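Derivation of every value follows stated rules applied to the coordinates shown; laboratory data play no part. All figures in this text were calculated on a predicted structure; none of them were measured in a lab. Counting neighbours? That spans all protein chains shown, and the Cβs are built from the backbone with ideal geometry, glycine included.
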Amino acid sequence: GIRDYKVTGVQTCALPISGFTLVPRFRDVHVGDVEAELCVVLGGPMSACAVPPLDYLAAERDLLAERLRRGRPCLGICLGSQLLAAAAGASVHRGRAGLELGSLPIRWTAAARGDAVIGDDAPELCVAQWHEDTFSPVPGATLLASSARYEQQVFRDRKSTRLNSSHLVISYAV
């Protein structure tokens, strides 16, 4: 299922082309979401470290934690990456470097060059950034990309989970 703040860009193109059926959700978790073939958690203006926590974000974080326990694939983008990082045991907090906003470059790590998805010939990439929260290194995860402002940008965890603080999914159609 898709956890959705706003389904746009590549989600509406690449996922169905890749054989996934989109099941949009907005602030709603269903029991069957634990076993969905893929769970994508997108972003929004809220914060994963809001005090008190927002009920629907806590439900999504709990869903992600259960999917991680079961080894089910997840993709977190922006706020979704913060929720996924928290579900995996990282601490989410306001970043000391402040707001990261704009089309900004990310740097691939050596581990990314050997990654099955990113690959050896990954180009330098400018991605849409719009966040000021970040997270500590995710226990057991492999760092794949960083930005000049925030180290925690793209991760691989358990070979089936991707954590992306940046908006790698923005397309020209957005």
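Applying 1/(1 + (r/R0)^6) with R0 = 22 Å to the Cβ-Cβ distance of D55 and H30 gives a FRET efficiency near 0.90. On full extension, the segment bounded by S103 and F20 gains 27.0 nm, given 0.36 nm per residue less the C-alpha separation.
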